[in-house]
Amino acid sequence: MAAMDSGKLIHLSLFVPLLLSFHLKIAESSAHIYPSQPFHDVGNSLLLYGGSEGIFASSRSFIRFENITLWRTNDASRKGRNNGLVQAVIFEASDRNNIGGSAYGGQRSICCTPDLAQLQGCKQGEIIRIPSAHDPKWPILLRVRFKGKRLYAKMEDTEILIRKTGIYNLLFISCDPKLKGLKMTGKTVWKNPEGYLPGRMAPLMKFYVYMSFAYLLLSAVWFFQYLRFRTDILPLQHCITVVIVLGLLEMVFWYLDYANFNNTGTRPLALTTWVVTIGAFRKTVSRILILCVSMGFGVVKSTLGGLTSKVLLVGVTYFIASEMLDIAENVGIIDDISGRAKLFLVLPDAFLDAFLILWIFTSLSKTLEQLQMKRTSVKLDIYRKFSNALAVMVVASVAWIVYEVYFKATDPFNERWQTAWTITAFWDVIAFVLLCIICYLWTPSQNSQRYAYSGELDEENEEVQSLTGGKQDGDISLVKQEKNGGSDSEEDVEEDKRE
């Protein structure tokens with residue numbers, strides 16, 4: 001029954017990317033598309049958020065307006081003929097206080113009010129704009145006005161060159177309350193000197209190239225040993241091989257996704273979705289691998305016994321939670337504002353990570369205790385090294401989470417966008433480092449299979465031999481394996497019952 005339930009869960013997890021893709025719009029690029037986008041009431045204005053990206057200064061950097069058309073309701077067209085002003089404002093994050101104002105220290109208004117018109121000399125019914133100290137022409141204001149009783153007003157196609165590196169924001173604002181129900185169609189194209197990739201994402205494209213080479217080097221070393229000792233490969237080492245291949249594929253496909261985005265200005269939904277799926281699968285297999293190693297699978301005992309179904313259940317659940325979170329944060333995201341997934345997607349992923357860490361260290365403690373009782377010094381030394389490495393990685397991860405929270409809390413306007421890529425890159429690096437440690441500790445060797453399930457060995461033989469190297473004369477270990485096979489299996493069954 002447990003096997004049947006696990007099978008159903010695995011089949012369900014394979015359909016998650018497909019099901020989610022039907023509910024997502026096609027991911028465009030730094031060409032921000034506005035498909036009949038509605039304006040919203042914000043303070044004393046009607047506002048539509050147009051986008052935000054980090055752009056590097058260059059003669060080739062620009063924000064271009066294409067086919068921007070505003071649509072008002074029939075009721076709004078009857079109420080006013082030659083009025084109905086809508087303004088587009090582009091400003092760099094450091095000039096955010098140059099938009100809007102407040103009378104007598106009260107609530108800040110985007111649109112000019114009668115009091116503000118007297119105090120600041122702004123024009124009533126328009127956006128309050130204060131010239132930037134760096135360039136009086138900024139923030140940039142573009143105007144479009146409805147004429148007669150027309151239901152639409154078209155903005156002239158315009159290209160704004162970016163001469164200063166920064167995080168740029170675009171807002172469409174109307175100060176006319178008669179335009180309630182206003183909508184907009186069209187698009188804006190944002191371009192950096194090297195392509196369409198937003199500034200915050202640009203360093204990640206190079207990062208994924210370096211990570212691809214790192215995984216390629218690890219793959220070459222591992223597969224050399226894997227093929228050399230293919231007759232003595234452990235199930236654990238098969239799992240490590242899968243994780244290496246998935247890691248390499250993930251890095252390569254992330255690079256292809258970013259390179260395509262940068263060159264064409266489009267970000268296909270299918271490519272991004274499957275890159276995210278590979279990443280979620282890699283993270284799941286990596287965590288299950290660490291859990292299995294901590295339980296002693298393939299080294300201390302040959303099977304997980306009754307825990308197999310529980311491990312599979314946690315793995316499938318984690319994959320679904322991770323897949324949904326990563327899709328929410330990556331697929332269709334083109335702004336340089338870090339993805340803010342909803343709380344109900346973040347919490348399951350965080351809870352499962354915490355649960356897995358607790359389970360891993362609990363299992364690791366039991367495995368170390370078992371090895372100490374058996375006095376198998378070589379395996380005990382390997383597991384102590386693994387335990388220390390894992391503890392260091394967990395401490396580093398917790399420290400980085402604290403830094404990430406601080407980074408985001410102290411940078412609400414994304415002004416440190418040029419270093420924001422390190423937040424994402426850290427998790428890929430730490431996963432790779434831990435994988436390298438596991439590969440080093442459990443490298444395929446001529447004695448891997450022989451020592452995997454053997455019972456208590458002579459202390460003298462263990463000091464000479466190790467799990468990952470060396471050759472023993474004769475077949476002493478095989479004899480001992482036969483001798484102790486029955487007692488080992490009994491101990492494993494008893495341990496599974498206790499767990």
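Tabulated values for the structure
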item: Net charge of Cβ neighbours under 11 Å - reference Ser58; Lys, Arg +1; Asp, Glu -1; result: +3
item: Area accessible to solvent at Leu46, 1.4 Å probe radius, in Å²; result: 10 Å²
item: Spacing of the two label points (7 Å from each Cα toward its C-beta) at Lys123 and Arg78, in nm; result: 3.0 nm
item: Long-range lysine pairs (8 or more apart or interchain), the range 188-346, Cα under 24 Å; result: 5
item: Charge context of Asn98, other residues only, Cβ under 10 angstrom, K/R +1, D/E -1; result: 0
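The values are calculated or read from the model by the stated rules, or taken from the named source; none is laboratory data. Bear in mind that the values here come from a model prediction, so they are computed numbers and not experimental data. No Cβ is skipped: glycine too gets one built from the backbone with ideal geometry, and neighbour counts run over all protein chains shown. Side chains included, ligands, DNA and RNA excluded: accessible areas come from the protein's heavy atoms. Shrake-Rupley method; radii C 1.70, N 1.55, O 1.52, S 1.80 Å.
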